[in-house]
Amino acid sequence: MLNIIFLIEGLFNNANTRLWLKQINRFIAKKEYLDMPWLLLYVLFILIVTIILAKLFEKLFDKIIKRSARKLHNDPTNYVFLKHFGVAIIYIFGFSIAVWSIPALRAISTSLLAGAGILAVVVGFASQAALANIVSGVFIVIFRPFSVKDHLIIDDTTFGVVEDITLRHTVLRNQENRRIVVPNSLINSKVILNSHMNDPKICKFIEITVAYDTDLDHAISIMQDVIFSHPYCIDNRTEEDKKMGKHPVMVKVVRLEASAIRLRAWAWTYSNTQAYELTLDMNKQLVERFRIENIQIPFPIQTLLIQPPATSED
């Protein structure tokens, strides 16, 4: 290491080296590189730097997109357009500097830039929605609020499994196996319920009503037994809950209604799909089990009082 330092110090202490550095400094200070033939070398240098920056951007973008695509389980070719767009911006900027450096072409380049500015404004207004979707797609790739195969609920109205994410839109598959195409700008501005983000386990509420004369402890025990025996139901208790002797399926009285007592069970599954199937199975199995145990599931009863028509006096 010391040998390298002594070598560098000796190089800069050399008289010829100092003279060479002074010549370079004078060359830059007097802007002699803007005179022929140095101008051509200067323009060539700008073009070479532009090409190198474009290649570096292309390789770096490929690495970033491939890493994000693996996490999104998506095809990275969906983002090729954005890569080409960035490379084109670098080339346009570099070539513009090169053309502006030539005095004879400055007048022409000024006219071209003015026309390009007007064209850019027109195109910008015409493609505002498309650009908004592209920018939103980039944000989805970078921040990853959801990934492919995630279960999403958008504004409590749109439900589906993410099937594909492109720069323009996100494709959801609903329970009817139909595709819902949501623009990225719209999905970025909505409240999203992601069932698979961080922890895919789902706590599903299973509710049923019983009559007021029902033995609640017996009904709760039946619900716990039927739900926990389902293959999709899992034990999500903490160690503290296990020490306290809590059941894997918690059942509570949540509301006293006009004609019934509403019981709610908290059932845990590994995914939203399993939670949905568990709920459908419980709708059938709990009704059948309550019938066997003679537990009444009441329905509203209304009493109508019909007054006799008034008699007219003669």
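What to note about this one:
- The range 129-149 - residue that is surrounded by fewer than 17 Cβ atoms within 10 Å (Cβ to Cβ) and touching a residue at least 60 places away in the same chain (Cβ under 8 Å) and, of those, nearest to GLY160 (Cα to Cα): LYS149
- Flag for ASP281 being free of Cβ contacts under 8 Å to residues at least 60 places away in the same chain and in contact with a His (Cβ under 8 Å, 6 or more places away or on another chain): yes
- In the set MET223, MET244, only one residue is surrounded by 14 or more Cβ atoms within 10 Å (Cβ to Cβ) and over 22 Å from HIS196 (Cβ atoms); that residue is MET223.
- Hey, ILE187 assigned to a helix (DSSP H, G or I), under 16 Å from VAL148 (Cα atoms) and either touching a residue at least 12 places away in the same chain (Cβ under 8 Å) or out of contact with any Leu (no Cβ under 6 Å at 6 or more places or on another chain) (or both) or not: yes
- Flag for LYS252 being surrounded by fewer than 12 Cβ atoms within 10 Å (Cβ to Cβ) and modelled with pLDDT of 90 or more: yes
- Qualifying positions in the range 190-228 - of a type in the set (Ser, Thr, Tyr) and either within 15 Å of HIS151 (Cβ to Cβ) or assigned to a loop (DSSP other than H, G, I, E, B) (or both): SER195, TYR212, THR214
- Hits in the range 258-277 (condition: surrounded by fewer than 17 Cβ atoms within 10 Å (Cβ to Cβ), at pLDDT 90 or above and in contact with a strand residue (DSSP E or B) (Cβ under 8 Å, 6 or more places away or on another chain)): ARG262, ARG264, TRP266, TYR270
The values are calculated or read from the model by the stated rules, or taken from the named source; none is laboratory data. Keep in mind it's a predicted model, so treat the numbers as computed, not measured. Cβ atoms come from the backbone with ideal geometry, glycine included; neighbour counts cover every protein chain shown.
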